[in-house]
Each structure stands twice: as C-alpha cells, then as structure tokens.
1. Using a 1.4 Å probe and ignoring any ligands, DNA or RNA, find the accessible area of GLU37 and quote it in Å² to the nearest 10.
2. Work out the length of the dipole vector of segment 125-251 about its Cα centre, built from +1 on the beta-carbon of each Lys and Arg and -1 on the beta-carbon of each Asp and Glu, and round it to the nearest 20 debye.
3. Using 0.36 nm per residue of separation minus the Cα-Cα distance, give me the extension gain between GLN189 and ASP231 in nm, one decimal.
4. If you take every DSSP beta bridge fully contained in segment 125-251, what fraction is antiparallel? Give it as a percent rounded to 5.
5. Per the chain: cysteines with no other Cys C-beta under 4.7 angstrom?
6. Gap in Å between the Cα centre of segment 109-127 and the Cα centre of segment 150-200?
7. What does the accessible area per residue of segment 125-251 come to in Å², with a 1.4 Å probe and no ligands, DNA or RNA counted?
8. Say the dipole of segment 192-237 comes from +1 at the beta carbon of Lys and Arg and -1 at that of Asp and Glu; which of LEU222, ASN202, ASN235 then lies farthest toward its positive end?
Amino acid sequence: MSETIHDVVIVGSGVAGHSAAIYAARADFEPVVYTGEDPGGQLTLTTEVENFLGFPDGIGGTELVQNGRKQAESFGARYEHRSVVDADLSERPFSLELNNGDSVETRGLIVATGASARWVGAENEDEMMGYGLSTCATCDGAFHRDNEVLVIGGGDSAMEEALFLTKFAKTVYVVHRRDELRASEIMAQRAEDNEDIEFLWNTELEAIEGSRDEGVTGATLLRHPEGHPKDRKENGEDVEEIDFECSGIFYAIGHTPNTQFLEDTPIDLDDDGYVETEVGMTTETNVEGVFAAGDVMDPDYQQAITAAGTGSMAALDAEEWLDAQADEQAKQKATATAD
Ligand code: NAP
C-alpha cells in the first residue's frame, strides 16, 4: 500500500477522464489517472471526429484524446498505465487495487471508465475497426454519403443508428439475426416506415471484406429462414451465404459499461451496469466522494462532447466536496484547540 493519500484519482483515460484531469489538475489536486489497458477509450476506434466543438476541419479520434492527455499533463496530472481491478469504497479514504497488485488510497474518486461497444465477432473486425467498420453512426456516418451501409442489431440502438445513417447513405440495411425486432414499437415503426432502410431478416455478419487502405468493400452474410444462422452453421446445418457490397458496417448490438470493478462496492448501478448518479445536474453517486463521468454514467447520449462536459463537472463536483471536507476538518481542529 502506498503511503500517499491522493486527493483525486481518476479511473479511465477517454475524453471524460482527460477532461476531469484538466479541471482537477488546474485546481491543484495533482490528480492521478489510471488509464486502463487501452488508453484513450472509444475514440481511438474511430478515425475522424467531425462533431467535436472547435475543430471545423475535424480531428482524428486518437489525436483528440492524445491532446487531452497532453493538456492535462501540462497542468500536473499524472498518468499511469494501470487498471483498477477492485475498490473498497466502504470507508474513506477509499482504497483501490491495481492490476499490478498495488493498492492506492484516495479521498475523492472519479469513475470515467466508459462503456465498450459490443463486437459481433466477425472475421476481420479487429483489422477493419475504424476503417469503415464503426460502432458510432454519429461519428462516422458522414463518410458514407450515397453509399450502401449495414447496421448490425435489432434493438433501439440499431434503429437509431439506421435512422441517422439515412441522412447520408443511399440505403441502410439492418442486419438482424431473427425475424422480429427487439426495438421498442415506436423506434421499430420509424425505421420500418423509412424507405431508405431495408431489413435483412434472419441474417448475421460472418466476415468483413476490405483493407485498411481501401476501407470496407463488402461483407459475407449468413442467412437461415429460422434465424440465428451462425449457430446453425456451427451445428453443421446448411445456411445461405451472401456476398454483399457496402462501404460501411455499423455495430449496434449494445454497450457494456466498464463497471466490473464496482460490482462489489456500495455504488448504485442500474440494471445494465451503468453508474447511477444523483438526481439533477450532478455527477455525484450515492457514495459521498465518488463521482462518475462520461459513458459509464450515460447510456443515452454517449458522445465525446458530452463525456468531456461531464468530466469537467465531475472534477468541479469533486473540488467542491473536497473543499467542504477540508473546511469541516479545519473547523473541528479549531474547536478541539479552543477546548
Ligand atoms: P439491446 O436492446 O440489448 O439490443 C441488442 C440487439 O443486438 C438485439 O436485437 C440483439 O439480438 C442483437 N445482438 C446482440 N448480440 C448480437 C450478436 N452477437 N450478433 C448479432 N446480433 C446481436 O441493445 P441496444 O439496442 O443498445 O439498447 C440498449 C438499451 O438502451 C435498451 O434498453 C434500449 O431501449 C435503450 N436505448 C434507447 C434508445 C432510445 O430510446 N432512443 C436508443 C438506444 C438505446 P436479439 O434481439 O436476437 O437478442
């Protein structure tokens, strides 16, 4: 166990973590940021970001997060390439266990671990993510003007992504593994009513064609009239194989918030594992001194700009809380001295 008790530890190094680090460092809290295994978060999976305020010509996702880190470090934030694997938040200072076995203590904690888009498991997806394969239509949709794109999934996210993509793409094909959507009635209806959206029922993505140089050029799809063709193929059943030309593929099969290390703590998580924050415009959680920012507490917007906003809010909320704690301690000390 380190002897130092930090004022602010930030877990996560996406936009929310960097933004929190900039504010906490400028407030002289010398924050320590544990980056997690894949520093930079989801933006490192996208190529160009065109909708972040202040970059009229766009900016690379990786460049944006690297700049964020540089900016935070210039104010004194310290970054460590470690993950937090466990946390004891039952008493203060909080104790965090790192993936190298070390423990650290902190008075204030900002959770900014994000949410990871779930991947389908198609052949070539590691290679093509960010090169025509995307998990964010808002980020990458505009690269597919007048082209054909696929959206994988049958839930509300898939409908939302598909509807958004019709602004750019000639035709959006929703690829769903069954013949019935999981999406809410209203979202499903909206997508079904849109003449630029077509549904490929009982179909799954097997492989992605293309290269990093030319981008996505197509996909291999599997179809079976009774659904779940991939499972059927694995079980030796005959399935139809379809070569499909497209310039983009969007995964929309849900997100998993990165809150595994909070599961045994008193922090309230919702049914999907997202950190619940208190009612109103705040990043406070139900545990005093723990704040949450970015996608880990926001299943709805999940944008870089909103993550940056809640990151700054978390640092300001933490600052106010730490200052109030210091005032309280000073008062108690003064009273004890007077007695
Ligand atoms: P979801 O509701 O869990 O839907 C995931 C979809 O992806 C399902 O259709 C599922 O198929 C499919 N899927 C899962 N794994 C797959 C795989 N390996 N291969 C192919 N398909 C796969 O997730 P979501 O759409 O992200 O929504 C999550 C929550 O956020 C929901 O409560 C939703 O209502 C909410 N949300 C709301 C809005 C809105 O109201 N505007 C927008 C987005 C999300 P099956 O159906 O066969 O399981």
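1. Its accessible surface works out to 130 Å², give or take rounding.
2. 340
3. 12.3 nm
4. 45
5. Result for the chain is CYS246, no neighbouring Cys Cβ within the cutoff.
6. 21
7. The answer is 49 Å² per residue.
8. ASN235
The values are calculated or read from the model by the stated rules, or taken from the named source; none is laboratory data. On a predicted model such as this, the values are computed, not experimentally measured, just so you know. Every residue, glycine among them, receives a Cβ derived from its backbone with ideal geometry; neighbour counts consider all protein chains shown. Note: accessible area is taken over every heavy atom of the protein model, side chains too, but ligands, DNA and RNA are not part of it. Shrake-Rupley method; radii C 1.70, N 1.55, O 1.52, S 1.80 Å.
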